[in-house]
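What follows is a set of notes on a single structure, which appears directly below.
No lab work stands behind these numbers, since they all come straight from the coordinates. Worth saying up front: this structure is predicted, and the values here are computed from it rather than measured. With ideal geometry, Cβ positions are generated from the backbone for all residues, glycine too; neighbour counts draw on all protein chains shown.
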Amino acid sequence: MNVKRKRIKDLSEEEWAGFHGEKEIAAVMPRVKEIIAEVKRRGDAALRGYTERFDGVKLKEIEVKREEIAAAKSSVDEDTVRCIEAASTAIRKFHYRQKRQAWLEEFSEGISLGELFVPFDLVGAYVPASYFSSALMCVIPAKIAGVREIVVCTPPGKDGNVDPLTLVAAEVAGATRIFKAGGAQAIAALAFGTETIPRVQKIVGPGNVYVTAAKLASRAEGVEIDFPAGPSEVLIIGDETANPSFIAADMLAQAEHGEKSPAILLTDSARTAAEVERELGAEAGRERGTQLWILIGESLDECVEFANEYAPEHLELMVREPMDVLKRIKNAGSVFIGTYSPVAAGDYATGANHVLPTAGYAKLFSGLDVDHFMHRVTVQWLDKEGLERIKDTVVRLCNAEGMEKHARSIEKRFSG
């Protein structure tokens, strides 16, 4: 992997677009739409065919059986299971704090208004191969929201089995059913249903560019999604006080996600830039393709401005006054403050959710939370005196819009 160093002001439009993979989603969308159409038309047969073609596996059963889950539990060492359970406890604690309660309040005499928060009946969670932690992050908030049925799709390995850690995590989190399906074909199955996989109301979870494109295409067909959560990304703002070794370690950690996952340092310090580049040097020569960038700004203000425009999935603040910088951050999936808040901690065990918007969508969407699994219903309750107090206002406004029968529906209640 090569380390690229440049001034922020010298970035080209092509380099900027490359950070978010904008062209990649557009490039794969026609193929993804073909896959969706085929799964929609042929159901399980198409799903089996694509699994054999893309994953090299000829499936006997699409749904994971209880015996397979039991076998997975017995194959995973106890310490790892305990750590999965500890992470799930932290995730539950944080997400319980998010859960909303129904309310009803009298806003004026005789007029009460409120809201209900109603969970979806059936949602689907996509868990990428071997990223078992995403099962915890997707399923736990859905359970807390009160979703009745939570199904998980995850790719099988070459032996036709799902990663045991993923099965354990999904079981600990409370998944209802688990299916051996990955990629765009899994999203299509969740969106439209097959003979085996039920059609869901909403699809959540991270994935590669094909999964992201499939989610976007499914939304256009009327199935709700959380947000585009494609290749992972990290942006680090570090000034002259930052620890170069820690910055480099976090950038290299990001590189583990693959060549589509950019790791970017923003700094106003030439010394920090040089030291981080030196730290990255030895490791950078061992791998190819990953996007490691060091971008130098004229000031910390320029770095913050870039960060808000970039809207990263993960934003680390390693600066002298992180809380001052935090106040100026508008767009980020999750912010990690200070020297001892690496992204890896949040990926697994702080309790905050690691399923976050990528590709600049943090400008528009929030990370996965309990709200994603519920919809809001407003409630209005008026007694006779309350309606009478606003009767003249409502009738006049109805007539002003030419809605005479609306006005009559009010007047009829007071016409003897």
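Would you mind checking the tilt of helix 22-42 against the longest principal axis of the Cα atoms of the chain, expressed as 0 to 90 degrees and rounded to 10? The helix 22-42 is inclined about 60 degrees to the chain. Express the Stokes-Einstein translational diffusion coefficient of segment 93-236 in µm² s⁻¹, to the nearest whole number, given a Kirkwood radius over alpha-carbon pairs, 4 °C and a viscosity of 1.567 mPa s. Here the translational diffusion coefficient equals 80 µm²/s. Within the shell defined by Cβ-Cβ distances under 12 Å, the residues around residue 36 carry a net charge of +4, with Lys and Arg each +1 and Asp and Glu each -1. A dipole drawn for the chain from +1 and -1 charges on Cβ atoms has a positive end, and of 258, 181, 46 the residue lying farthest that way is 46.
With the charge dipole of segment 72-124 set up from +1 on Lys and Arg Cβ and -1 on Asp and Glu Cβ about the Cα centre, the Cα lying farthest toward the positive end among the listed residues 104, 116, 91 is that of 91.
Treating only the Cβ atoms of Lys and Arg (+1) and Asp and Glu (-1) as charged, compute the dipole magnitude of the chain about its Cα centre; round to the nearest 20 debye. Could you put the intermediate results ahead of the total?
Working: 52 positive and 63 negative charges, 289 e Å.
Magnitude of the dipole: close to 1400 debye.
Of 387, 59, 11, the residue with the greatest mean-square motion in the GNM of the chain, using alpha carbon springs below 10 Å, is 387.
List the trypsin sites (Lys or Arg not before Pro) in segment 10-69 that DSSP assigns to loop (not H, G, I, E or B) and whose Cβ has at most 14 other Cβ atoms within 10 Å. Which are they?
Of the trypsin sites (Lys or Arg not before Pro), the ones in loops of segment 10-69 whose Cβ has at most 14 other Cβ atoms within 10 Å are 58, 60, 65.
Straight-line cross-link partners of residue 180 among the lysines, defined as a Cα under 29 Å from its Cα and at least 8 positions apart when in the same chain: 33, 40, 58, 60, 65, 73, 143, 158, 202, 215, 260.
Using a simple spin-label model with pseudo-atoms 7 Å out from Cα toward Cβ, residue 414 and residue 80 lie 7.1 nm apart.
The structure shown yields log10 I(q)/I(0) by the Debye sum over Cα atoms at q = 0.11, 0.14 Å⁻¹, and of the options [x] -0.95, -1.34; [y] -0.81, -1.36; [z] -0.89, -1.21 that calculated value carries the label [z].
The simple spin-label model puts a point 7 Å past each Cα toward its Cβ; for residue 405 and residue 54 those points are separated by 5.0 nm.
Within 14 Å, Cβ to Cβ, of residue 197, how many net charges do the neighbouring residues add up to if Lys/Arg are +1 and Asp/Glu are -1?
Details: positive: 40, 42, 48, 177, 180, 199; negative: 44, 61, 63, 149, 195.
With Lys, Arg at +1 and Asp, Glu at -1, the net is +1.
For segment 26-228, averaging the sequence separation of C-alpha pairs within contact (under 8 Å, six or more residues apart) and dividing by the residue count gives a relative contact order of 27 percent. Sequentially through segment 4-18, phi angles give Karplus couplings (6.51, -1.76, 1.60; θ = phi - 60°) of 9, 10, 7, 7, 3, 5, 9, 5, 8, 4, 5, 5, 4, 4, x Hz, Gly and Pro residues having no value and appearing as x. Placing a pseudo-label 7 Å from each Cα along the Cα-to-Cβ vector at residue 12 and residue 330 gives an inter-label distance of 2.9 nm.
Work through the residues other than residue 340 whose Cβ is under 14 Å from its Cβ and net out their charges, Lys, Arg +1 and Asp, Glu -1.
Values: positive: none; negative: 250, 316.
Overall, the nearby charge balance is -2.
Which of the GluC sites (Glu not before Pro) found in segment 56-162 are loop residues per DSSP with 15 or fewer other Cβ atoms within 10 Å of their Cβ?
Working: sites: 61, 63, 67, 68, 78, 85, 105, 106, 109, 115, 149; in loops: 61, 109.
Here the GluC sites (Glu not before Pro) that fit, given the DSSP loop and packing criteria, are 61, 109.
Pairs of Lys residues in segment 288-416 are counted when their Cα atoms are under 29 angstrom apart and they lie 8 or more places apart or on different chains; the count is 6. The slack between residue 392 and residue 41, meaning 0.36 nm per residue of separation minus the straight C-alpha distance, is 120.8 nm.
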